[in-house]
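The values are calculated or read from the model by the stated rules, or taken from the named source; none is laboratory data. Values in this document were obtained by computation on a predicted structure and should not be read as measured data. We place every Cβ from the backbone using ideal geometry, glycine too, and count neighbours over all the protein chains shown.
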Amino acid sequence: MDEKERYDKGMAQRRKVLGNAWVDRANAKKTAFNSEFQDFITRAAWGEIWTRPHYDERTRRILVIGTMLALDKWDEFRMHVRAALTEGGFSADDIKEIILQQAIYCGVPAANHAFKEAAEVMAEVGKAK
């Protein structure tokens, strides 16, 4: 596969996982300064990793949400929680279970903050229970 094919495959996967509106907004924000980075993550993260056959998309979403919580990467956490709820078929209970699992391994303060962030996202997308 050449780089164009990898990019196209990555863009299709990125749109599938995050949704067209989110990707369109990200593409609209591309500049001369960040366009190479956007191209890189589309090819590497989305075209190489997210399309590998071993794990299904749901498992990859769980891994990413848990990892973003563990690393205190709250913008990315919120983005992937939003995408899981709106594009991935996740429920509020699914998100809750990821956070509870991570509370044991990442600590209560991280989980406490994750519940706050996730609740805000759920309210934004109308998924709050």
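If you go through segment 55-90 and keep only what is assigned to a loop (DSSP other than H, G, I, E, B) and among the charged types (D, E, K, R), you end up with 56, 72, 73, 87.
A quick yes/no check of all residues on (1) more than 16 Å from the chain's Cα centre (by Cα); (2) farther than 22 Å from residue 16 by Cα; (3) surrounded by 18 or more Cβ atoms within 10 Å (Cβ to Cβ):
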| position | (1), (2), (3) |
| --- | --- |
| 67 | no, no, no |
| 81 | no, no, yes |
| 101 | yes, yes, no |
| 104 | yes, yes, no |
| 109 | yes, yes, no |
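Out of segment 35-54, which residues are of a type in the set (Phe, Trp, Tyr) and assigned to a helix (DSSP H, G or I)? Listed by number, the residues that qualify are 37, 40, 46. Could you tell me whether residue 31 is surrounded by fewer than 16 Cβ atoms within 10 Å (Cβ to Cβ), in the same structural domain as residue 121 (by TED's automatic domain parsing) and among the polar types (S, T, N, Q)? Taking the combined requirement at face value, the residue does not satisfy it.
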